[in-house]
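Encoded as structure tokens, the structure appears first; notes follow it.
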Amino acid sequence: MRFHNALIPTTKEESAQAQVLSHKLMLRSGMVHQLASGVYSSLPLAARILRNITQVVRQHMDAVGAQEVILPMLQPLQLWQTSDRLKQFGPLLFQLHDRKQMPFCLGATHEEVITVLLRDCLRSYRQLPMVMYQIQTKFRDEIRPRFGVMRAREFLMKDAYSFTLTQQETQTIYEKMRQAYKAIFADCGLQTVVVDADCGDMGGNTSQEFHAVAQSGEDVLVFCPECNYAANQDVLPLDGTQQKSPNDELESRVDVPCPACKHPSLKQQRGIEVGHIFDLGTKYSLAFQATLQDAAGQQVPLHMGCYGIGVSRMMAALIEQRGASGCMCWPLQIAPFHVQLISLGNDATVQQAADGLYANLMRAGVQVLYDDRNEQAGVKFNDADLIGCPLRLCLGKRAVQQGQVEFQQGPDFSKSTQIALQQAVEHVTCQINDHQPETAHLK
RNA sequence: CGGGGUGUAGCUCAGUUUGGUAGAGCGCUUGGUUCGGGAUCAAGAAGUCGUAGGUUCAAAUCCUGCCACCCCGACCA
């Protein structure tokens, strides 16, 4: 993509609206544009990043045998009455009416829809287990949208639902999904931890959350320094005197005994919830009479699990973990472009060389953002820092005369190496092909 | 929903106290000099001052209602 006619409206000044790093950086780098509170357009950079994240998600979901579907965003409100969720979830739903005054809502989540679908379409228990997933926009009229796409009213989510005949089978799939989730976050270069969580409005028995550890996180997590107990602080019984939030420090502690090993205090950290998995039990299958005959000829309600990933929130979480004021470096597999190619000055030979290199990179299948604008070096470098492509190629007059190009690799762009112009494409493709997804630390 | 704050050019803001014909910087357009970390000179375009009503000879400025957005709390991926 050539920069001069790309929709990448970077800005020198910071928006007054943004408070957290990821929001500031997304606005400054021209990734997103706010249309209303909690409602954002994704510009080309963000769209490409989201596409890359969803690609990783699809790979892992397909690998565990989940089947991709597309469920309706428009849902009859009646479904939510049937599942008895209208009371708790009602205010969160965007509700509307069709021309006959039938009440509808925009999909905030899809347990009801998927249960009805599988109830009507499953023929035999022999088809089980079955796992369905979709990647779709969700609508929630959040009490308080904030921090840009971090808590938006319209956001991109991957939601999956599993159906089995027994609780044990659900447990097996739950564990498979847990492993898949770890792999997804690791492949995306996001450092996450898994903690025990509250089931909330979803209902069901067990649930665990995946958190990207970050100081700007909205959740407080607790960890036992002795055993491997880890939980969202919400599930701990705290009295008013105990310190609820870990102030400004990255880590702090709370004097509550570990529920697992009775160690007298727990470590606290903040996290951004990027994934949540639930064992739903039979709550929805009972409500919608989603049953099948088992081998003994008995009608039994299906056991369900559900598994969500906040795709657009992951994008923000990556910036929180990897960004700094005015600069970012995306993991190669998620980056909007592999390479940012920068031509410096308006010398004709430089431009010619850069045009040629751009064409060759494109031909080799490299995703490249070519800054072909007639701008000062400083402008181009600053924009490159903001956009955060992990590889950078820089062509100046001196280098071109010597048949060389400057190569840089994030996150430390202060170092650079000179490589022969002729070898540049090969060098870059090697970097891309040899790249191993960064393995994030997992608990 | 309660508490706090902000709405003036595409963006960041001044001007509001004390009413008197709309300002700056950045960005944008045209031309010149520059060209490896947001350069510079000259000329220019751009605003129903969130919105509706009121007070007044006169309102961005004073009064009332409404709306939007941001921040602090309960909710969630």
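Might you check whether a residue that is assigned to a strand (DSSP E or B) and farther than 26 Å from A:L43 by Cβ occurs anywhere in region A:420-433? Looking through region A:420-433, at least one residue is assigned to a strand (DSSP E or B) and farther than 26 Å from A:L43 by Cβ. Scanning region A:172-201 for residues that are of a type in the set (G, A, S) and part of a loop (DSSP other than H, G, I, E, B) yields A:G189, A:A197.
Taking each residue of region A:373-386 that is within 14 Å of A:P9 (Cβ to Cβ) and assigned to a loop (DSSP other than H, G, I, E, B) and looking for partners that are more than 6 Å from RNA strand B (Cβ to nearest atom) and of a type in the set (K, R) with beta-carbon atoms closer than 9 Å, six or more apart or interchain, yields A:R373/A:R2; A:R373/A:K380. Checking the structure you have, find out if any residue of region A:10-23 is outside any strand (DSSP E or B) and closer than 24 Å to A:G107 by Cβ. No, region A:10-23 contains no residue that is outside any strand (DSSP E or B) and closer than 24 Å to A:G107 by Cβ. Within region A:402-417, the set of residues being within 9 Å of RNA strand B (Cβ to nearest atom) and in a strand (DSSP E or B) comprises A:Q404, A:V405, A:E406, A:Q408. Of the strands (runs of 3 or more DSSP E) lying entirely inside region A:79-152, those containing at least 2 residues that are closer than 23 Å to A:K283 by Cα span A:103-106, A:130-139.
Of everything in region A:149-172 that is among the aliphatic types (A, V, I, L, M) and crowded, with 24+ Cβ neighbours inside 10 Å, the residue that is nearest to A:M61 (Cα to Cα) is A:A160.
Summed over region A:1-33, residues that are free of Cβ contacts under 8 Å to residues at least 60 places away in the same chain, over 30 Å from A:Y358 (Cβ atoms) and not charged (D, E, K, R) total 3.
In this structure, A:V350 does satisfy being within 12 Å of RNA strand B (Cβ to nearest atom), under 22 Å from A:V400 (Cβ atoms), of a type in the set (V, I, T) and not in a strand (DSSP E or B). Look at (1) more than 30 Å from A:D219 (Cα to Cα); (2) part of a helix (DSSP H, G or I) and you find that A:G345 fails only one, number (2). Here A:P145, A:P129 are screened, and the one residue that is in contact (Cβ under 8 Å) with a residue 24 or more places away in the chain, touching a Gly at 6+ places or on another chain (Cβ under 9 Å) and more than 29 Å from A:G90 (Cα to Cα) is A:P129. Provide a single number: the residues in region A:263-320 that are more than 10 Å from RNA strand B (Cβ to nearest atom) and under 30 Å from A:E226 (Cβ atoms). Qualifying residue count for the region: 10. Look at A:Q59 and say whether it is within 11 Å of RNA strand B (Cβ to nearest atom), more than 19 Å from A:P390 (Cα to Cα) and polar (S, T, N, Q). When the stated conditions are applied, A:Q59 does not pass them.
Among the residues of region A:390-401, what is the count of those that are more than 11 Å from RNA strand B (Cβ to nearest atom) and either in contact (Cβ under 8 Å) with a residue 60 or more places away in the chain or over 29 Å from the mean Cα position of the chain (by Cα) (or both)?
Of the residues in region A:390-401, 1 are more than 11 Å from RNA strand B (Cβ to nearest atom) and either in contact (Cβ under 8 Å) with a residue 60 or more places away in the chain or over 29 Å from the mean Cα position of the chain (by Cα) (or both).
So A:R28 ticks every box in (1) surrounded by 15 or more Cβ atoms within 10 Å (Cβ to Cβ); (2) on the phi > 0 side of the Ramachandran plot but one. Which box is left unticked? Condition (2) is where A:R28 drops out.
Does A:N52 satisfy being over 16 Å from A:E154 (Cβ atoms) and either modelled with pLDDT under 95 or surrounded by fewer than 18 Cβ atoms within 10 Å (Cβ to Cβ) (or both)?
In short, no.
Evaluated against (1) within 14 Å of RNA strand B (Cβ to nearest atom); (2) modelled with pLDDT under 95, A:V149 falls short on exactly one condition, (2). Applying a threshold of 8 Å to beta carbon distances and a minimum spacing of six or more residues, or different chains, the list of pairs starting in region A:213-228 at a residue that is hydroxyl-bearing (S, T, Y) and ending at one that is part of a strand (DSSP E or B) reads A:S216/A:R270; A:S216/A:I272. For region A:53-78, the set of residues classified as part of a loop (DSSP other than H, G, I, E, B) and either touching a Phe, Trp or Tyr at 6+ places or on another chain (Cβ under 6 Å) or not β-branched (V, I, T) (or both) consists of A:G65, A:A66, A:L71, A:P72, A:M73, A:L77, listed by residue number.
When restricted to residues that are within 15 Å of A:R140 (Cβ to Cβ) and surrounded by fewer than 17 Cβ atoms within 10 Å (Cβ to Cβ), region A:86-130 contains 6.
Any idea which residue in region A:314-363 is surrounded by the fewest Cβ atoms within 10 Å (Cβ to Cβ), counting only those that are hydrophobic (A, V, I, L, M, F, W, C) and touching an Asp or Glu at 6+ places or on another chain (Cβ under 8 Å)?
Among residues in region A:314-363 that are hydrophobic (A, V, I, L, M, F, W, C) and touching an Asp or Glu at 6+ places or on another chain (Cβ under 8 Å), the one surrounded by the fewest Cβ atoms within 10 Å (Cβ to Cβ) is A:C327.
The values are calculated or read from the model by the stated rules, or taken from the named source; none is laboratory data. Remember, predicted model here, so these are calculated numbers, not experimental data. Counting neighbours? That spans all protein chains shown, and the Cβs are built from the backbone with ideal geometry, glycine included.
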